[in-house]
Amino acid sequence: NLTTRVEVNSQDELGSLGSAINDLSVELNNYRKTRSEFLANISHELRTPTSYLIGYANLIKQGKYETPEELGRYASVIEGEASRLAKLIQELFALSKMEEGEYTLQIQEVDMEDFIQSLHAKMKLKAAEKGLAANVQLNGNDHAFFTDGMKLEQILLNLLENAINYTEQGWVNLQVEMKEEHIEFIVEDTGAGIPKSDQSLIFDRFYRVDKSRSRATGGTGLGLAIASELAKQISGAIQMESEENKGTRFIVTLPYSIENQDM
Ligand code: ADP
């Protein structure tokens, strides 16, 4: 045990100093534990793609293929795994900067109509590849809306990408509700859903309900962790409701303006 404990015998200044040291020491220990778990996760995540890369590069080096098509398939595996690694590294870097509080906000007025049309164009293509319908809908009164549009777009793209990845038939929908006090972006799908026992964990880094499925879709397990960090940055929150084999709904709640808040 790395925790240093100071014996506290009094209620005076010395006593409270002792208690403060004890609290700090518990905190430090928790930090060490989280950090070492995180590093263990990262090395685990790096191991699979690197072993594929080495394995397939070796097959090619030893000429262990019969046809050019087979060689092409090996090269595709290498390409896919290398892309996964690149994505993992980029996302880890982004997350670590966010957690150090290193970010800037670029707040601008968002033209809601343009904003959701551009998202619709992006989600439609991916959804069509899987034969899914993709709809957008805007409800409520027109309010001026100020936020960091790039960050909001990243959040919604992560949620929409998941909605498409984890849905085999039916539809994915983006609905915007302009309420009196705040604005809601609702990303809904008719997909696999998330079992109750996993629901509190899916925003954790690297957590996946089904590891092999997430691998097959190119997932890194970081998409929701990033979305939730970004939501905090723009003074928002993300909630989730889901039923297994029915579908999932993510709700991003944002203020109409974050102009005057501390950044
Ligand atoms: P990944 O890269 O694995 O998609 P995320 O952090 O984006 O990582 O999501 C974590 C996990 O949450 C996913 O692996 C998946 O199991 C589950 N998940 C996220 N969104 C959905 C959804 N719309 N439907 C079903 N499961 C989902």
Amide H within-cut-off set for G170, under 5 Å, with H built and near neighbours excluded:
A133
Ordered by number, the trypsin sites (Lys or Arg not before Pro) in the range 1-62 that occupy a DSSP loop and have at most 13 other Cβ atoms within 10 Å are R5
For the pair I107 and L138, how long in nm is the line joining their label points, each one 7 Å along Cα→Cβ?
2.2 nm
Each residue of the range 234-251 in turn: what ³J(HN,Hα) in whole Hz from Karplus with 6.51, -1.76, 1.60 and θ = phi - 60°, glycine and Pro shown as x?
9, 6, x, 9, 10, 10, 9, 10, 8, 10, 4, 6, 10, x, 9, 10, 9, 10
For F145, residues with placed amide H under 5 Å, excluding near neighbours:
V110
Probe of 1.4 angstrom, ligands and nucleic acids ignored: what's the accessible area per residue over the range 71-174, in square angstrom?
55 Å²
Counting DSSP beta bridges with both ends in the chain, the antiparallel % (nearest 5):
75 percent
The range 178-222 shape via C-alpha gyration tensor axes, a/c threshold 1.5:
prolate
Counting only protein heavy atoms and using a 1.4 Å probe, what share of the accessible area of the range 174-227 belongs to carbon plus sulfur, as a whole percent?
51 percent
Please say if the chain is rounded, prolate or oblate, where rounded means a/c under 1.5 for a ≥ b ≥ c the square roots of the C-alpha gyration tensor eigenvalues, and otherwise the choice is prolate for a/b larger than b/c and oblate otherwise?
oblate
Counting helices only, and only those DSSP H runs with n ≥ 4, report the 222 nm mean residue ellipticity of the chain as the sum of -39,500 (n - 2.57) divided by its residues, in deg cm²/dmol to the nearest 500.
-17500 deg cm²/dmol
So for R0 = 30 Å, FRET eff. of E180-S200 from the Cβ-Cβ r, to 0.05, ends up at 0.50
For the range 46-78 and the range 233-248, what is the centre-to-centre distance using only Cα atoms, to the nearest Å?
39 Å
Given 0.36 nm per residue, what is the gain on full extension from K130 to S10 after removing their alpha carbon distance, in nm?
36.4 nm
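The values are calculated or read from the model by the stated rules, or taken from the named source; none is laboratory data. Not measured: the values here are computed from a predicted model. We place every Cβ from the backbone using ideal geometry, glycine too, and count neighbours over all the protein chains shown. These accessible areas exclude ligands, DNA and RNA; they are computed on the full protein's heavy atoms, side chains included. Shrake-Rupley method; radii C 1.70, N 1.55, O 1.52, S 1.80 Å.
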